[in-house]
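So the structure is just underneath, and the comments pick up after that.
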Amino acid sequence: MKAQSSERRYLENYLGIKGWVWGGRYRLERYLYTLHRISGLALLFYFLLHIAMNGFRLSSGESWTSLMDIFDTPIVKFGEYLVLAGFTFHALNGLRLILQELGYTLGRPKPPVYPYVDALERRRPIVFVMGGVIIILLVVFIFNFI
Amino acid sequence: MREVPLRLWQLIAAAVIFFLVGTHLIIMHLGDILSFFGADMGEPTAWSSVMERASSAWWTVFYGIVLAAVLYHGFLGLRNVISELSLSPAAMRVINRALIVVGIGIFAFALYIPIST
Ligand code: HEM
């Protein structure tokens, strides 16, 4: 029983990071999951940067104010907008995943009667509503940055 | 580690982040939209505003909760991504411990900022 020997008890992830992009017949929800992962990691990176930046407050008020002056450029403003966009997507998609995981959006089970509608298709309207809300919010947020 | 409670707490932390970081973002980054609705927050990144918040116990508690929730949620998420790389159990144990130590270190440093300024 070599396969059960102590050093091989964990499962091999055959697709690895390539599987985030392509692993066969992925549907819309699978790509939303990849985007959720990328936005989550990007937000974590930004969060750590944000704490480091706030560390400037420890030296003096002047160093804080000069840092804020340096940040007052269109490129940084655009970066801030991207962070806000990433957060908005991650938050609303995360809310969808939480409701789904707790069973609220699954609907009643149905017998498999032709023409078949799979569970993903039945929940697709929720994805479209979420997408619509995200787009509206991102358009509204633009007004804060121009 | 027992995965189910860890995961449940990750979702609870997400709900906390939703409201608290949402509030933070609206106050700090969406001032123009707020003033459009008649709520003028002034210049939130001005040194005087920063000091005003730092001297308030409410804001310190608020930021303490935000920090704990985001660090827990984010680091558990990072661990989740790393755990899919099929590392050995021994390597995963090292990573688990490293994430806990680094997470607590960052929490302590970040909370020290408003407390000491
Ligand atoms: C509104 C607030 C948030 C909500 C509702 C939320 C929700 C979620 C949910 C439900 C998951 C698990 C996805 C799954 O495994 O099915 C998740 C994963 C994750 N989140 Fe968040 N999150 C929020 C904010 C944040 C923030 C601020 C960060 C960054 C510090 C972050 C970083 C991550 C990371 C790195 C993952 C792991 C991604 C993965 O396993 O693929 N999240 N989030």
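The values are calculated or read from the model by the stated rules, or taken from the named source; none is laboratory data. What you see is a predicted model, and the numbers here were worked out from it, not measured in a lab. Quick reminder, even Gly has a Cβ in these numbers, built from the backbone with ideal geometry, and neighbours come from all protein chains shown.
Structure summary
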{"item": "Cβ-Cβ under 6 Å pairs, at least 6 apart or on other chains, segment A:64-83 side closer than 22 Å to A:F141 by Cα, far side among the polar types (S, T, N, Q)", "result": "A:M68/B:T45"}
{"item": "Odd one out for B:V94, checked against (1) modelled with pLDDT under 95; (2) part of a helix (DSSP H, G or I); (3) over 27 Å from A:H90 (Cα atoms); (4) more than 19 Å from the chain's Cα centre (by Cα)", "result": "(1)"}
{"item": "Test: residue in segment B:79-92 that is more than 8 Å from every other protein chain (Cβ to nearest Cβ), among the charged types (D, E, K, R) and within 16 Å of the ligand (Cβ to nearest atom)", "result": "yes"}
{"item": "Flag if B:R53 is more than 10 Å from chain A (Cβ to nearest Cβ), touching a Ser or Thr at 6+ places or on another chain (Cβ under 9 Å) and either within 15 Å of the ligand (Cβ to nearest atom) or closer than 21 Å to A:Y46 by Cβ (or both)", "result": "yes"}
{"item": "Options A:S66, A:S39; residue that is surrounded by 13 or more Cβ atoms within 10 Å (Cβ to Cβ), in a helix (DSSP H, G or I) and of a type in the set (G, A, S)", "result": "A:S39"}
{"item": "So A:G103, is it within 16 Å of the ligand (Cβ to nearest atom), within 14 Å of chain B (Cβ to nearest Cβ) and farther than 28 Å from A:L15 by Cα", "result": "yes"}
{"item": "Flag if A:R37 is under 30 Å from B:V102 (Cβ atoms), within 13 Å of the ligand (Cβ to nearest atom) and of a type in the set (K, R)", "result": "yes"}
{"item": "Checking A:F71 against (1) touching a Phe, Trp or Tyr at 6+ places or on another chain (Cβ under 8 Å); (2) within 9 Å of chain B (Cβ to nearest Cβ); (3) modelled with pLDDT of 90 or more; (4) away from the ligand (no atom under 16 Å from the Cβ), the condition it does not meet", "result": "(1)"}
{"item": "Single residue of A:E7, A:E12, A:E80, A:E29 found to be modelled with pLDDT under 90, part of a helix (DSSP H, G or I) and of a type in the set (D, E, K, R)", "result": "A:E7"}
{"item": "Criterion (closer than 26 Å to B:V16 by Cβ and not in a helix (DSSP H, G or I)) met by exactly one of A:L106, A:L48", "result": "A:L106"}
{"item": "Residue within segment B:55-75 that is surrounded by 13 or more Cβ atoms within 10 Å (Cβ to Cβ), over 18 Å from the mean Cα position of the chain (by Cα) and in contact (Cβ under 8 Å) with a residue 40 or more places away in the chain present", "result": "no"}
{"item": "One residue from B:G31, B:G74 being near the ligand (Cβ under 10 Å from one of its atoms), within 12 Å of another protein chain (Cβ to nearest Cβ) and among the small types (G, A, S)", "result": "B:G74"}
